[in-house]
1. Please compute the net charge surrounding residue 151, taking Lys and Arg as +1 and Asp and Glu as -1 over other residues with Cβ under 11 Å from its Cβ.
2. Rank 155, 51 by accessible area, highest first, at a 1.4 Å probe radius?
3. Mind checking which of 116, 36, 75 has the largest fluctuation in a GNM of the chain, springs on alpha carbons under 10 Å?
4. Amide H neighbours of residue 72 under 5 Å, at least 5 residues apart or on other chains, H built in the peptide plane: list them.
5. Limiting things to C-alpha atoms, what are the Rg and the maximum Cα-Cα separation (Dmax) for segment 78-181, in angstroms?
6. So if I average 1/r over every pair of distinct C-alpha atoms in segment 133-194 and take the inverse, what Kirkwood radius in Å does that give?
7. With the Cα gyration tensor of the chain in hand, convert its eigenvalues to equivalent ellipsoid semi-axes via √(5λ) and list them largest first in whole Å.
8. Testing the spin-label approximation: label points 7 Å from Cα along Cα→Cβ at residue 107 and residue 169. State their distance in nm.
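The values are calculated or read from the model by the stated rules, or taken from the named source; none is laboratory data. All of these numbers come straight from a predicted model, not from anything done at the bench. Every residue, glycine as well, gets a Cβ built from its backbone with ideal geometry; the counts of neighbours run over all protein chains shown. Note: accessible area is taken over every heavy atom of the protein model, side chains too, but ligands, DNA and RNA are not part of it. Shrake-Rupley method; radii C 1.70, N 1.55, O 1.52, S 1.80 Å.
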Amino acid sequence: MGSRTIADRSNPELTAADRAALLALARRAIAAALGGAPAPAVPDIPGARLHRGAFVTLEEKADGALRGCIGRITGDRPLGDVVRTVAVSAAVEDPRFPAVAPEELAALRIEISVLGEPSPFDPSGPAQIAIGRDGLLVRRGDAVGVLLPQVATEHGLDQEAFLAAACRKAGLGAHAWREPGTQVLTFQADSFGE
């Protein structure tokens, strides 16, 4: 699959070679973890050295069913390290699914979403959320919910339904985004897959 990049394409941070290397790294990291082998080395590419948050999503090739999705929001580590770590977490630690078995890996498709810097959202104007471009981060205390930009498009959500879904993902009420003490941030993502 090609890139579902939402970011500015006139000056992309990741080249096609970076994307291919990061996808290969994610697959090798999962295979190593499932086989009890040491983690693979991070490739020496410019994209792997960027400090960005990222999510790795695993889907079944046959029907596109979600099989795991884990990520890291903050961009405080090199992207190669983040991808290697969250790929394994998506395969074996997503609490919604049993761990991926080694024989399942070939039937899974990997997608990586590299996150841009989150920015504050004004809860008085949901219309400012661009469906398909913006992802959501909802936080109140220890409760955190993150939805990638493609979630709204894939599920046909408008801005208010997207906000409600992000709140529910955080374990909050659907309208918590309007309540004091709830922080809502938007972000963009460069999403690409196999």
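1. On the way: positive: 169; negative: 134, 154.
My count for the surroundings of residue 151 gives -1.
2. Values: 155 125, 51 90 Å².
Listed by decreasing accessible area, they come as 155, 51.
3. The residue with the greatest mean-square fluctuation here is 36.
4. Amide H neighbours of residue 72, under 5 Å, 5+ apart: 54, 55.
5. When restricted to the Cα atoms of segment 78-181, Rg and Dmax are 15.6, 49 Å.
6. Numbers: mean 1/r = 0.0858 Å⁻¹.
By the Kirkwood definition, the hydrodynamic radius is 11.7 Å.
7. Working: eigenvalues 158, 70, 46 Å².
Semi-axes, largest first: 28, 19, 15 Å.
8. The two pseudo-label positions are separated by 2.6 nm.
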